[in-house]
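A short reminder: the numbers here are calculations on the coordinates, not readings from a lab. On a predicted model such as this, the values are computed, not experimentally measured, just so you know. A quick note on method: Cβ atoms are made from the backbone with ideal geometry, for glycine too, and the neighbour counts reach across all protein chains shown.
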Amino acid sequence: MGAEEQQPQKAGNGVGGLATPTPISEAQFLSWKRRKDAEAAARKAEAAQKRAEDIAAGTVQMNGRELFHHEPWVFDNDQY
């Protein structure tokens, strides 16, 4: 009974304590979305480049797809 009375009431609709969400235009959203997509693509490209460098250096083990692209002669079954 006392615990419920001591907890402060949060203002707003429960989303981060804000009373009202900030309205944005469609152009602002699309600008934000393009920026986020570009950042994600840059991170993905950087990770792929680092992975390729590590494979070339022999510091990491290749998965099947990478092995197939890097050394396709391993999968050649013409000998059998």
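Below, the figures for the structure above:
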{"read-out": "Inter-label distance for Asp37 and Glu66, nm, one decimal - labels placed 7 Å from Cα along Cα-to-Cβ", "value": "2.8 nm"}
{"read-out": "Net +/- balance of residues flanking Ala48 in space, Cβ distance below 14 Å, scoring K and R +1, D and E -1", "value": "+1"}
{"read-out": "Relative packing of 23-29, 47-53, which averages over residues the other C-beta atoms within 10 Å, highest first", "value": "47-53, 23-29"}
